[in-house]
Amino acid sequence: APEEALRAAAAEVSTPSATRRLRLFRDTLPPLLAKATESPSDTTLLVDLIFQTLPLYDDRASRKAVDDMVIQALSESTFMKTFAATLVQSMEKNLKVTSPLACFKLLRWSCYLLKWTQFATLSKGGFSRLANAQAVLSQVLMNGSFRQRRTCKQLFIRLFSESVGMYKMYIEEVKDLRIATKDSPAFINLILDFTVTSSSLFSEYKPVFLDLYVKTILSSKDRPSEAASEAFKPLFVDIGHEDFKNVILPSCIKMLKRNPEIVLKSIGHLLLTVRLDLSNYAMEFMPVILPQARHSDEERRNNALNIVGTLSDKSSDPDTLPSMFNAIKAILGGSEGKLSLPYQRIGMLNALEQLSRFPPKQISRLAPSVSSFLLTCYKGDGIEEVKLATLSTLGSWASVSSEAVQPDVVSFITAGLKEKDTLRKGHLKLIRVICRKSDSLTKVTSLLDHLIQLSKTGFSKATQRLDGIYALYAVSRLAAIDAKADGSIVKEKLWTLIAQSEPSLISVQLLSKLTDEDCLTCVDLLQSLLVDHLFRIQEYFSIQSLLQVLIYLVCHPSWAVRKIAYDATKNILSSSGALAEDLLFLFTSWLSLVGERVLILKQSDMDSFGDSQLPFIPSTEVLVKCLFLIAPYAIDHSQRSYARLILCSHHPCISSSGSPAGVWKRLQKRLKQQNISFTDLIFPNITVICKELLSKDGLFSSNKQEQRAALCSLATLMSISPNDTFVEFEKHFIELPDRTLHDGFSENDIKIFFTSEGQLSTEQGVYVAEAVASKNTKLAKGRFRAYDGQDAEPAKSDKRESSSIGKRETGKFTKKTAPVDKSKTAKEEARELQLKEEASTREKVGHVQENLALMLDALGELAIANPVFTHGQLPHLVNYIEPLLSSPIVSDAAFCAMLRLARCTAPPLCNWATEIAAAIHVMSVEDFEAVLDLMPVLIMEEDSKKRPPSGLFEKIVTGLTAACRMGPLPADSFTFVFPVFLQFHQ
């Protein structure tokens, strides 16, 4: 019976096996469809069974099997009705909480329902509920990842494209507001996106969407969300003047008068989106926007100012700017009442600042009038905040047009430099803006003497250092265009005074405390000094410290600072490419510093820490972009930089452990875009590169991260030019003085190396003898009493006494004790001298151990980086590693290197690399008893049923047999393994 079969299937639907799921929905259930749909109860069971898969089936094959059965079953009207009702209910239940996958399944089933049945025409109310639920669920996917957004769009675009009638039914739902824009703005955007792709549909339904925008956004009783405003972006991108003027503008003005706090942000987004010249509408907006620009609420002021800025930016009529200026000027003059509160006047001044976004030609005509008006405002206001706002506005106009810098402005600035701290800083910021524009520099040359004095004072007093930086920037800019100004600087001995007060000019400690605007001034100062006054700077200051500050600014936490610093660095390196190499080496040190701090943070589980050298941790991508910035200039001016670039691109601080060469590949692509083939530069310079990587700045660096970067860099070179890289490495390995030193160490040297610090290598026996003597003295009941184990307690006390004797004896020379009257005995002085000699020997052996271990690690990395090339070198490479396998200080590193060589044998023999390396290691120490243990154990008849465990040699034989079955074993692999068999037969 169908009911029994369906209940049995329901018990199996939750199986985790994909095979059983496919069999259930492809073989078991489809034959039951015809009979199951005859009974309402069976149909309900079938539909419930399908919806049970909603949270369970997450693999594509299972989902497709369910979808295919749903499409097949929808042809049955009984099933369709039950399925539609359950689907709508399920969608409405999952409106608030649902997973993206379940959401996608429900949307796809709803599209199947609309595509393969007449549900939409049979049930208008059901379709309305379904469409509303679809709109809300689509919001979940559209807020997700790119793939989820793309899938959701494709789902509905396919549905609309296949049936225009279906599209029109959705439009009716939108038109009658049954689909709420507030709850599902993504769906409105989706259907609007589809509409604008067809000119006929857009012309037909544009009034519907315009009316919807007016009703849901402009006439909303609550503030619309940003997503709701952005949903209509496709509509306004192509809107014309007629629709804007007749439909949108009246509603905007009306709502700005009635409920401005609700629509200010939405109207700002609207004006920013439209592609229209707003000259004709600016003066209609200004009367209703300016009251908001001086409102007590800061958010309303900011939104109003954004609108004024957008109107300025999108107005081309030359008469618009004077009209807007006159409107603001009149309000500041009291046309709408006295602006008694400071924020009101500041708001109007900020609105005037937004007018500087007009085209420069229009700004130039009006700039003299505006600057004169601003000077009047400054002098007539006694509030410091208002004065600073006035200076900021004047600076914005001066940054666009030099016409704003009139003689009265220069006189005004001269007087302003004598103001108190805050206002003086405001005038210095104004000077900085003026000096950034070359056209304005000649107009402020008269300020030079005042600025030189401010620079002297600023760098003499730590509290005024920031003023000194601003003043020095202006001085450097003036000196760059005026030889007399440069002479005045030398005459006043400004460089000498600054170098004595602050040798680094700008310290990292100071930078970490500055605002973004002040950091931008530091960027401008560095650019001016290193581009226009490089000779002077090299004479008086440390270029290294200035470049270190530049790296700090390029990696600054603020994107605005990084952007300006990035451009400044380009200008600096373009004007003086010789600085690129220094900058690259400093960047390497910066990477190591960042890596150390990151490691400390991980170990201490802290979120941040205070560090004068590194106040913040830059992100990996910021560091990568900094490397890409320096690379093209460093390559053009120095061969040493090739190795340094390779090293930096493999530094653990910017490369992932899973893909050590990922940044290196990106660097190659970036350089190729600039017509620089890094690989072609490597081949002729491989000797220089390898020498640099194997130097104290690379593999033998004291920094572990730089060592790792050098190893990865050598491995990359091995994949680019294996033969040349191997030859250079081999030459360095042969000439390594530590190999000769290693072979010359005596047994006593090794014994000293393994002796603890503060203890003589010869004292071990002395301590034991003293302990034995002590036991015999205290418990002298026979000659062998000290070795008698019958009495446990004396033995324990003697053991403690022995350890305490050693501690006391050691402590005499390792700890500072209270001063004593008697001087050291000759024996004590001799012991102390011997300790120093052994410490020197220990240090020497340790140094050799570290260097040899590094070279062996490098050899292993080179081998595994290019196994095909290494296979041909196996007999040759063994000769370097095998003698060191028996070394008491580097045997572990030698074994690791040998293991990597074994992994370069021909497959599948390489799968037994561990056994081969272990066998060679055992043979190297000449432990013949261990070699005999490698032989397979003979199986006796009585134990024939019990297979003994395989020996090491037997495993190697198994691997060799497996390799020979695959084909002839290459000669190099056989030569590598042959000594194992030879030792066995001997």
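The values are calculated or read from the model by the stated rules, or taken from the named source; none is laboratory data. Everything quoted here is computed from the prediction, not taken from an experiment. FYI the Cβ positions are ideal-geometry reconstructions off the backbone, even for glycines, and counts take in every protein chain you see. Quick note on the areas: whole protein, heavy atoms, side chains included, nothing else; ligands and nucleic acids left out. Shrake-Rupley method; radii C 1.70, N 1.55, O 1.52, S 1.80 Å.
Quick rundown of the values:
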| quantity | calculated |
| --- | --- |
| For the stretch 98-179, size of Cβ-based charge dipole, Lys and Arg +1, Asp and Glu -1, in debye | 260 |
| Euclidean distance of C-alpha centroids, the stretch 532-600 and the stretch 694-708, integer Å | 22 |
| Within-13-Å neighbourhood charge of S17 [Cβ basis; K, R +1; D, E -1] | +1 |
| Order of exposure, largest accessible area first, which applies to C111, C964 with probe 1.4 Å | C964, C111 |
| Local electrostatic count at F745 - Lys and Arg +1, Asp and Glu -1, tallied over other residues with Cβ under 12 Å | 0 |
| Additional length obtainable on full extension of the chain from A839 to S702, 0.36 nm per residue less Cα span | 47.3 nm |
| Entries of K625/K665; K182/K257; K379/K420; K418/K513; K361/K570; K443/K493 with Cα pairs more than 18 Å apart | K182/K257; K418/K513; K361/K570; K443/K493 |
| Size of charge dipole - the chain - debye, nearest 20, with Cβ of Lys, Arg +1 and Asp, Glu -1, no other charges | 2740 |
| Ellipticity estimate at 222 nm from DSSP helix runs (n ≥ 4, -39,500 (n - 2.57)) divided over the chain, nearest 500 | -22500 deg cm²/dmol |
| Sequence of K379, K175, K314 when ordered by accessible area, the most exposed leading, probe 1.4 angstrom | K379, K175, K314 |
| Global geometry of the stretch 180-273, whether rounded, prolate or oblate, following the gyration tensor of its Cα atoms and the 1.5 cut on a/c | oblate |
| Helical segments meeting 30 Å axial Cα length and Kyte-Doolittle -1.0 threshold in the chain (DSSP H) | 579-604, 826-865 |
| FRET efficiency for V598 and S719, using Cβ-Cβ distance with R0 set to 30 Å, rounded to 0.05 | 0.60 |
| Packing rank of 736-745, 900-909, where each peptide gets the mean count of other beta carbons within 10 Å, highest leading | 900-909, 736-745 |
| Inter-label distance, nm, simple model (7 Å from Cα along the C-beta direction), S200/L534 | 6.6 |
| Given K175/K221; K314/K429; K168/K265; K233/K314, the pairs whose alpha carbons are separated by over 22 Å | K314/K429; K168/K265 |
| Charge-dipole axis of the chain as Lys and Arg at +1 and Asp and Glu at -1 on Cβ define it, positive-most pick from V922, L862, Q362 | Q362 |
| Options (1) 30.8, 103; (2) 41.1, 122; (3) 32.7, 107 - which one matches Rg and Dmax of the Cα atoms in Å as calculated here | (2) |
| Prolate/oblate/rounded label for the stretch 446-574 (Cα gyration tensor, a/c 1.5) | prolate |
| Percent RCO, i.e. relative contact order, over the chain, from Cα pairs under 8 Å lying at least 6 residues apart | 4 |
| Relative packing of 400-406, 77-83, 48-54, which averages over residues the other C-beta atoms within 10 Å, highest first | 400-406, 77-83, 48-54 |
| Loop-resident sites, the stretch 453-561, for GluC sites (Glu not before Pro), counting at most 15 other Cβ within 10 Å (DSSP) | none |
| Cα lying deepest toward the dipole's positive end in the chain, options S574, L122, M80, charges on Cβ | L122 |
| Cα centroid separation - the stretch 319-364 against the stretch 65-121, whole Å | 59 |
| Contour excess over end-to-end distance, with Cα ends at T496 and T121 and 0.36 nm allotted per residue | 126.1 nm |
| Positive dipole terminus of the stretch 180-273, leading residue within Y213, S199, G240 (C-beta point charges) | Y213 |
| Summed residue charge, Cβ within 12 Å of I864's Cβ, Lys/Arg positive, Asp/Glu negative | 0 |
| Unit charges on C-beta of K, R, D, E only; dipole of the stretch 12-113, Debye | 300 |
| Å² of accessible area per residue within the chain, as computed with a 1.4 Å probe and no ligands counted | 48 |
